[in-house]
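The values are calculated or read from the model by the stated rules, or taken from the named source; none is laboratory data. Bear in mind that the values here come from a model prediction, so they are computed numbers and not experimental data. Neighbour counts run over all protein chains shown; Cβ positions are idealised from the backbone, glycine included. Ligands, DNA and RNA are stripped out before the accessible areas are found, and what is left, the full protein with its side chains, is counted by its heavy atoms. Shrake-Rupley method; radii C 1.70, N 1.55, O 1.52, S 1.80 Å.
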Amino acid sequence: MAILLVALYALYSYNNQKDVLAQRVADGLSLDPLLFISSSLFMIGAGLLALRILPGITYVIFCSFKKKWSPALYTGFLQVIRTRHSQNFIVVFLILTIALGVYNAQTAGTINANEEDNIRYVIGADVVLKEQWKDNSAQVESNPTLELIYEEPDFQKYADIDGVRSVTKVLRVSDGSVRMGRGTVRQVHVMGVHTKSFGETAWFKDGLLEYHFYDYLNAMASSPNAVLLSKNFADEYGFQLGDSVTFDNAEGKYVRGFVCGFVEYWPGYQHVSYRKGVDGQFRETENYLIIANLNQLQANWGVTPYEVWLDVEDSTQCVYDFAQDEGLSFEKFEDTSARIVEGKNEPLFQGTNGILTVGFIVVLLICSVGFLIYWILSIKSRTLQFGIYRAMGITLREIITMLLCEQVFISGTAVVTGTLVGFLTAKLYMPLIQMAYTAFDSDLPLEVVNSFGDIGQMLVVVGIVMLICM
């Protein structure tokens, strides 16, 4: 219990120092090694606590149905209850090895899945590109009185690409300003979208917003002047639903709309950015966002270069082939699948996945070998006992039933407990350890991913080992 309390206190202390931990990672320093030790202490403490609880559960089950047990089951339960002190080693051993294996699998799955989701969220769609537009900038330089006019490329050609499910226009302005009664808020991000095609094309993770992503788009579609504000913007300046908001672009052309909703997350929107100051410390800057109808922005600001977001069926190779055939050049081109592969090939993630995979395999081997050695020695040492049982008239099938009962209430309960301890450890400690990988480049909240595939494989191997032992 003391070890468990120390681990929980360390967890409480580190949760109160998240900003300090994130700053250490940003400065290129490693996380405090005690953070990793505390997760191990939690597994040890939980395993020792389970060692006190499991015999009581077995005894309650035995007493509840002892009048109904067959002689084989009755004898098996008595063996488990009377030899509980000699079982302590194998129970703790199984709990710790299984918990460590589950924790490693959870850690690897969580790091990879959250990194992939974050890349998809930041880019916004399968492919995001911005074509180089022709304009009259050369004439404007010689005659500043002229208005800058852009020549819009053919947008429909992207919708006609084989393999593209949907495509949409997205206007993004990072230097907008909002007129307030007490001044002007500058460097506001403005995003113009077509509500229907944007909802069909953009990638967005469920559960991030209070309502479904489509509900906010439907609210915008109800009126051309409807806009959405980022939640941090609304909280800072006290915007309410129905309030009027006036915002300009860099050329001073304004648009007036009314607020129809607030969003904390949005495809392609990073709510905070980090900049390193002259003192070497990273400082957090809030990014404010306004989402408006693209047609309304173009009606007031004119047609200006926008991004093209594409949702593809399978591979993004069709977009590359099309661009090469048409001889297109882009100011911006982001491929989500390529970014994911690039991220997984980074030394940090490859090293982490390698260590966790090796750790997972080693845990399986140690668990299997230790389990076999213990039970083979245990069963061989009881050869005389089994002979006496046979002389008393107990059949071989009943002896096997007795051994299966022992396996279930010693090894089986330990395996289940170890699995639960591993899940709980990952749930509690993974948000802190994740800082080593996404302290300043994660825009989505951490979600602990349950790697049921890997855990299922581990439990299958343990089950096979049990059968081999029998």
Taking segment 353-376 and the residues there that are aliphatic (A, V, I, L, M) and touching a Cys at 6+ places or on another chain (Cβ under 9 Å), the one that is least open to solvent (accessible area, probe 1.4 Å) would be Leu372
Mind checking which helices (runs of 4 or more DSSP H) fall wholly inside segment 377-433 and carry at least 3 residues that are in contact (Cβ under 8 Å) with a residue 12 or more places away in the chain and open to solvent by 40 Å² or more (accessible area, probe 1.4 Å)? 396-406, 413-433
Right, Thr58: in contact (Cβ under 8 Å) with a residue 24 or more places away in the chain, hydroxyl-bearing (Ser, Thr, Tyr) and surrounded by fewer than 21 Cβ atoms within 10 Å (Cβ to Cβ) or not? yes
So, in segment 1-34, of the ones that are part of a loop (DSSP other than H, G, I, E, B) and farther than 30 Å from Arg52 by Cα, which residue ends up modelled with the highest pLDDT? Asn16
Can you find a residue that is under 27 Å from Leu424 (Cβ atoms) and either assigned to a helix (DSSP H, G or I) or open to solvent by 30 Å² or more (accessible area, probe 1.4 Å) (or both) anywhere in segment 65-74? no
Would you check if Ser197 is assigned to a helix (DSSP H, G or I) and touching a strand residue (DSSP E or B) at 6+ places or on another chain (Cβ under 6 Å)? yes
Search segment 243-267 for residues being assigned to a loop (DSSP other than H, G, I, E, B) and open to solvent by less than 50 Å² (accessible area, probe 1.4 Å), and hand back the single one that is farthest from Leu294 (Cα to Cα). Tyr265
Among the residues of segment 302-332, how many are open to solvent by less than 30 Å² (accessible area, probe 1.4 Å) and acidic (Asp, Glu)? 2
Among all residue pairs at least 6 apart or on different chains, which show Cβ distances below 7 Å where the first residue, located in segment 131-147, is among the hydrophobic types (A, V, I, L, M, F, W, C) and the second is open to solvent by less than 50 Å² (accessible area, probe 1.4 Å)? Trp133/Pro153; Trp133/Pro305; Leu146/Asn136; Leu146/Val140
Residue under question is Ile161, and the condition is that it be more than 30 Å from Leu364 (Cα to Cα), open to solvent by less than 20 Å² (accessible area, probe 1.4 Å), touching a residue at least 12 places away in the same chain (Cβ under 8 Å) and not in a helix (DSSP H, G or I); does it hold? yes
Test for Ile95: is it touching a Phe, Trp or Tyr at 6+ places or on another chain (Cβ under 6 Å), within 30 Å of Ser40 (Cβ to Cβ) and of a type in the set (A, V, I, L, M, F, W, C): no
Considering segment 210-223, residues that are hydroxyl-bearing (Ser, Thr, Tyr) and assigned to a helix (DSSP H, G or I), and then whichever is surrounded by the most Cβ atoms within 10 Å (Cβ to Cβ), we arrive at Tyr216
Among the residues of segment 224-231, is any of a type in the set (Gly, Ala, Ser) and open to solvent by less than 40 Å² (accessible area, probe 1.4 Å)? yes
Result of the Cβ filter at 7 Å on segment 209-235, keeping first residues that are closer than 19 Å to Val185 by Cβ and partners that are modelled with pLDDT under 90 and assigned to a strand (DSSP E or B), at least 6 apart or interchain, is Asn232/Glu286
Conditions (1) in contact with a helix residue (DSSP H, G or I) (Cβ under 8 Å, 6 or more places away or on another chain); (2) assigned to a helix (DSSP H, G or I) -> Val190 fails only (2)
